[in-house]
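The values are calculated or read from the model by the stated rules, or taken from the named source; none is laboratory data. Just so it is clear, the structure is predicted and the values come from calculations on it, not from any experiment. Here Cβ is always computed from backbone atoms with ideal geometry, including for glycine, and neighbour counts include all displayed protein chains.
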Amino acid sequence: MEPWPIVAWVLTLTFIADWLQTVQSRDFTEKDIIFLHPSTTPYPGGFKCFTCEEASDNYECNRWAPDLYCPKESKYCYTSHKLDWSGNTLSVTKSCAALEDCVATGCSELDHEGNKVCVACCEGNICNLPLPRNETDAIFATTSPLSGGQRTTLHPTMPLSFLISTLLVLSQG
């Protein structure tokens, strides 16, 4: 057998091996990831919140929460946590919320059955993971200004009274 066909086969196999190695070792770029997994955000700035109605505990709420974007008019994530007198969870409700739904954060006093409800709101994608259990947790945490004209950023630990007075001032001006 002549040496040329053998050399041709060796060169062809070498070329194929080099080509396979090049293809397999290529890392994905950000552009590739965007192409393969396009964003399905229904509108710019779209976000998600854990959502459930009267779940038995936080795990059940977060585990079975539908993976849906919040409506455009919603800007925050809402959590309502009902506890018995000893601090055990009775129910959890989480949803997307508008600003009006978030002005009443905090914890209620124990009712005639010995239960209290703590409500918290937050701004950000799936930010309502934990449950509010006391006044320290039951807050309105926002990272962006509440009004386009006013450049005040509220710290998550600011008291509710300050938040309400700020909202009143912003609505009058």
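Taking the range 89-105 as the range and being of a type outside the set (A, V, I, L, M, F, W, C), without any contact (Cβ under 8 Å) to a residue 40 or more places away in the chain and under 15 Å from Phe140 (Cβ atoms) as the test, the residues that pass are Glu100, Asp101. For the range 85-121, the tally of residues that are in contact with a helix residue (DSSP H, G or I) (Cβ under 9 Å, 6 or more places away or on another chain), in a loop (DSSP other than H, G, I, E, B) and not hydroxyl-bearing (Ser, Thr, Tyr) stands at 2.
Look at the range 106-120: where a residue is under 10 Å from His81 (Cα atoms) and a partner is assigned to a loop (DSSP other than H, G, I, E, B) and basic (Lys, Arg), sitting 6+ places away or on another chain with Cβ atoms under 7 Å, you get Cys118/Arg133. The set of residues from the range 131-149 being at pLDDT 90 or above and surrounded by 14 or more Cβ atoms within 10 Å (Cβ to Cβ) comprises Leu131, Pro132, Arg133, Asp137, Ala138, Ile139, Phe140, Ala141. In the range 37-62, the residues that are under 9 Å from Lys94 (Cβ atoms) and of a type in the set (A, V, I, L, M) form no Cβ pair under 7 Å with any partner that is part of a loop (DSSP other than H, G, I, E, B) and at pLDDT below 95, whether six or more places apart or across chains.
Okay, residues lined up against (1) at pLDDT below 70; (2) touching a strand residue (DSSP E or B) at 6+ places or on another chain (Cβ under 6 Å):
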{"site": "Met1", "(1), (2)": "yes, no"}
{"site": "Gln21", "(1), (2)": "yes, no"}
{"site": "Cys49", "(1), (2)": "no, yes"}
{"site": "Glu54", "(1), (2)": "no, yes"}
{"site": "Pro66", "(1), (2)": "no, no"}
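Tell me, please, whether a residue that is modelled with pLDDT of 75 or more and of a type in the set (Phe, Trp, Tyr) can be found in the range 82-97. Within the range 82-97 (the criterion being modelled with pLDDT of 75 or more and of a type in the set (Phe, Trp, Tyr)), the answer is yes, since at least one residue qualifies.
Only one of the listed residues (Cys77, Cys61) is in a strand (DSSP E or B), among the hydrophobic types (A, V, I, L, M, F, W, C), surrounded by 11 or more Cβ atoms within 10 Å (Cβ to Cβ) and at pLDDT 90 or above. That residue is Cys77.
For the condition at pLDDT 80 or above and among the hydroxyl-bearing types (Ser, Thr, Tyr), Ser25 does not qualify.
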